[in-house]
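In what follows, a single structure is set out as structure tokens and then discussed.
All of the numbers you see were taken from the coordinates with simple rules; none came from a lab. Just so it is clear, the structure is predicted and the values come from calculations on it, not from any experiment. Cβ coordinates were reconstructed from backbone atoms using ideal geometry, including for glycine residues, and neighbour counts include every protein chain displayed.
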């Protein structure tokens, strides 16, 4: 034991770091490691700009300037105007604000909303809340790849449709939705009826992975979350198009131009701004490296497990960072734990639902049988993922899956 | 130039220990607390630790603590969440005229949307709500009463235990916005007898972006944020782990140092008041003289232009405010000063000075010097030394 004492060998921290280097974190759709530059920016903001941005004195102004710079960085990443960016406590708040806010502001104009069965729980739960509030909600099916058909959206739009909400990238299987087609349908519907009808895009899984241009997308509102692209947890944003009114979710001091009350989370917002700058670099470099890593993983799994089935599309409609597989006969939850014990971190589905025993609503919506759903594993990467992690994961996966399948068969 | 921060009621600097805990959490324990693997479990443990520390600070059980993005979200959740969960009981809300905008704004919105009927109680000249007035206002269809523990603008501490008792006897839930009080004075939800209590980390040396609503066991709430099953179905959204860790650390430190902090703050504040009243004429302390936050002074200088005063003080390196930071920039007297009945000639010349942990006697003396000088100049008289009234 003497070897573990300080000065007599590697300390505990060093041992821990050594161990961590052999690990593979492939659960980046659940959350990402904050980038070192993000952490530094957050800590620096707490040291420097600790004032309340609403305060009229020098320290308040400094905090306000820090928030302004972050707003510009987020806007630049998304091809939006800084005034269109409303900071929130994260993706869930952004989504709730968008859906409930539009519903409350325009409820006299129409009480019908359209969404899809494979959306994030924040969208589906907010929609259920709208239903209790007198709205009618059409939940469109997704196909076997997790994709929504724009023609189905077009068909579902009614004169009283106020709201449509779809995700850009599915968090469980990585399908990239045909949002441009959906946006065109909504726009044409709006022109044809002359009534307000808004499209909200949940871009939480897309930002920082794919180029996302608010202007080009044709969405009226767009949600994002910092911790999905190496920013801090507890901060996100809602991008709101010009002329789109919504009732704020949080009433109070009227911060964020009256759109979101509450003292600004300056450190978190600064961290989000830094993450946006880094993400702009990654996105500009193109997704080919990330796609190559995903390709390596997919090929490796197919080679080792010929019966494993990739979920979602395998072409340009697949996000570059998510690959979910069904391994027939594998108890997924047990596998996640067994892999974790060997330093490989993956998930069965979204982190938000893993604490509940219910099988994934996304995979069920894609038509998988409950048995298949329980045998699914999600691997999710980020621009910070290294090739070494892919290889580690593949090496560990092989014996673990074989062993667990053998156990399950007995 | 000397820089003196005297706006601790607006936001406090993050303590180095808090920043370091957050730094560690971001570098080492950055998993999603909902993930079942090690990264998730470690993050979950940090959130649970923080929950226990916050619960300890206010005498609650850990499961009664719901983390939010701050005091405003906690207030919104308390009021809208209770109203919606108790729709079957009625839609009457009772609050006071001196509440924070987060409370008044929520009540106004709910009333405008036709979801609530709101009674706004008057306050006395010190800013206190009379328990008898509250008793008369509560009706069978009252679903919630919300009165703040300590006022952010004038510092008055409300008789919350008495007000809560009035409500308990009538089986009406009681919420208190304790954002200015928690971490500055002892606060215990059981002793106060409240059902809901809001707090915010950045008012006691924690980070912005973290707060909590303490919800008495058995009190039902409709969530404000729908989605995943976080926070026992009371608040969806991936936990803001770094800020929650910072809140926990700030709570832990505050619990240990509460008495010493109160004594230091009181000493600095009283030194400030002694200096001001000793050297400046026609000045008044707003709010209650004794039942007030120990770090808080809200002063009115008769006939002085408050905006000009703030501007001059800022140029002298002194950061303070006219009232709440949230209402800063508004030219007319604040809703709080109007509710207290402060006459315009006084209200117009108001400044809030709040001291904190780093405040020194030298800071206070500098502020007193600057105030005396600036007020004298603004009154068009001679500089302070010559205009001294009570030496």
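Descriptive notes on the structure:
- Helix axis angle, B:306-315 relative to chain B longest principal axis, alpha carbon, degrees: 90 degrees
- The mean number of partner chain beta-carbon atoms within 10 angstrom of a residue's beta-carbon across peptide A:30-38 is 4.
- Stretch gain in nm, segment residue A:160-residue A:215, where the contour uses 0.36 nm per residue and the Cα spacing is subtracted: 17.3 nm
- Each peptide in A:174-185, A:220-231, B:231-242 receives the mean, over its residues, of other Cβ atoms within 10 Å, and ordering these scores from highest gives A:220-231, B:231-242, A:174-185.
- Separation of the residue A:284 and residue A:310 label points, Cα + 7 Å toward Cβ, nm: 3.0 nm
- Fully extending the segment from residue B:49 to residue B:277, taken as 0.36 nm per residue of separation minus the present Cα-Cα distance, adds 77.5 nm.
- Per residue, the average separation of C-alpha pairs within less than 8 Å and at least 6 apart gives the range B:16-254 a relative contact order of 28 percent.
- Partner shielding of B:20-26 amounts to 4, given as the average count of beta-carbon atoms from other chains within 10 Å of each residue beta-carbon.
- Cα gyration tensor shape of the range A:80-193, rounded if a/c is under 1.5, else prolate or oblate by comparing a/b with b/c: rounded
- Sequence-separation-based contact order of chain A, relative, with Cα cut under 8 Å and 6+ spacing, percent: 23 percent
- Length released on extending from residue B:17 to residue B:112, taking residue separation times 0.36 nm less the Cα-Cα span: 29.8 nm
- By average C-beta atoms within 10 angstrom, highest first, the peptides A:27-40, B:16-29: A:27-40, B:16-29
- Peptide-level mean, for B:123-134, of C-beta atoms on other protein chains within 10 Å: 0
- Peptides B:107-114, B:184-191 ranked from most to least packed, by the mean per-residue count of other Cβ atoms within 10 Å: B:184-191, B:107-114.
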